[in-house]
Each structure stands twice: as structure tokens, then as C-alpha cells.
Amino acid sequence: MAPLAEQAERVRSIDRTALAVALARAGLQPPPRIFVTLVAEADVRATMAPRRVAGLAVGADRITIFPGRVGPYPYGSLEAVVWHEIAHAALTAQADGGHLPRWFHEGVATSVEQDWGWVAGMRLLLSSEREARLPVVEQMFESAAADNLTRAYLLSAALVSSVRERAGPAVPGAIADDVARGLPFPMAFARHTGQTPAQAAALAWQPYLDWIAWIPVVTSGGALWTAIMLLAFLAFAIVIRRRVQRREAWDPWDE
């Protein structure tokens, strides 16, 4: 079997209809064509990309995926990485190459790839600091520290999720459309949300910062691990409950 043949087949099998629906919900048009390149870790091209990078979108129609790096948040699976990068490509195409800040790009791509749920919210709560500002988040994306990168993705996803909830799910595409017409991003953002990016960020992140202020003990190592274990237990309980519900649905004679 050729190297990465299994991964290539998984990419070909991705549900394009579901992806198109997720993009349309965000106000984005699916790229008419996408060229996907899978790169093994032994390839020289992999050595040229930072280890923290699992995928790259180049322009509006080309993405590169490093399957050996799939795993850490937000890259839960190969399919998730492909969705994520295609969302980047779609956003770039809709903005016609106009400037969009990194937090917006990553937040939109993550929100297209997966819904913002309670698990992501708990992860943000556990990883948050007492202060968060957009310029700092932008810097986190360039950090070599995995914790900083994770926090940047979580903060960006929480912000975009909040904006879509308040201004409508399709607002990312509307903002990109205005940027394509030459409107600077801050003005396009304010036009469709009624807020500056900084104001929207403060509104989205304040609930997490409030929690941190009320439970400062979480900063201790022991309490942090206790919270993580509790989160893992709750996730496990939900999985078991869903399995039971599926079993009951499959077997009508099961009492």
C-alpha cells in the first residue's frame, strides 16, 4: 500500500454535502475546487513547517495536511483538519484576499468544523487567565508553547461563536463580503455586529473571566487536575448515556 493511501481515501470520503451546509450556515460559499496535498513526517516539506501546524490553507484552492500531527486541539481527526482548512480557503476566497485577522480566521474555521459546546467551554475555563485581549491572542498563535496555541484557538472560537449567536450564524460571510468590497475589517465587523472587535471579545470572554475570579483556587495544580478529571468523568458519563439510549432504540424488547 502506498504511503498515506488510507488517509487519502478518508479525505476522498469526506461528506461534501455536510461541509457545504456548514459553510453555508456561516454565510460562506464552498470553494469550486480544492487541491489537497498529504505530507508524511519524513517528507522534507514537513521539516519546513512548525510541528504545531497540522494543516495549511494556501490561497483559496490549495490545502496541505500533515496527518502525523493530527490529535491536539483543535485537530481531533483528519476529517476535522480538512474541514478546518477548507473553511480557511472559503473565507479567503470570499474576502477576495482582503485582510482578516488571525483570530477571526481561526474562530470561523473552528466554528465551521465543530459546534461550540460545553466541553470546549470547560476547556477554555480551565485554560483562561484573568485577562485576555485580542492583540495577546494574535501573539499566542505564534507561540511555540502548546498551551498558548490551544488557548488562542479556544478564545477565538468562543468569540466567533458569541458573535454568530448574537448577530446571526451567517455573519462571518457578510463581514468577508464587505472586506472583499474594500471595507477595512474593523469597519465591516462593526457594521454587521454593532460592536468593535474588542467590545465583542470582552462580551464573549467575560463569563469565563468571572468564573475565574470567583474560583481562584483553580490556579493551584491539584485543583486544576481535579477539574480536568471531573471534566473527563462528565464526558465519559455522557458517552455511556448515549450508548444506552442507542441500545434502547435498537432493542425494543430490552426492559
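Every read-out reported here was derived from the displayed coordinates using simple, explicitly stated rules and does not represent laboratory data. The shown structure was predicted, so the numbers you read here are calculated from the model rather than taken from an experiment. Cβ atoms come from the backbone with ideal geometry, glycine included; neighbour counts cover every protein chain shown.
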For the range 34-93: rounded, prolate or oblate by the Cα gyration tensor [a/c cutoff 1.5]: oblate
Label zone at Ile14 (point 7 Å along Cα-to-Cβ), backbone N below 18 Å, the range 95-109: 105-109
Cα gyration tensor, the range 5-214 - rounded (a/c under 1.5), prolate or oblate: oblate
Net +/- balance of residues flanking Thr92 in space, Cβ distance below 11 Å, scoring K and R +1, D and E -1: -2
Cα-projected label distance for Leu56 with Ala180, points at 7 Å along beta-carbon direction, nm: 2.6 nm
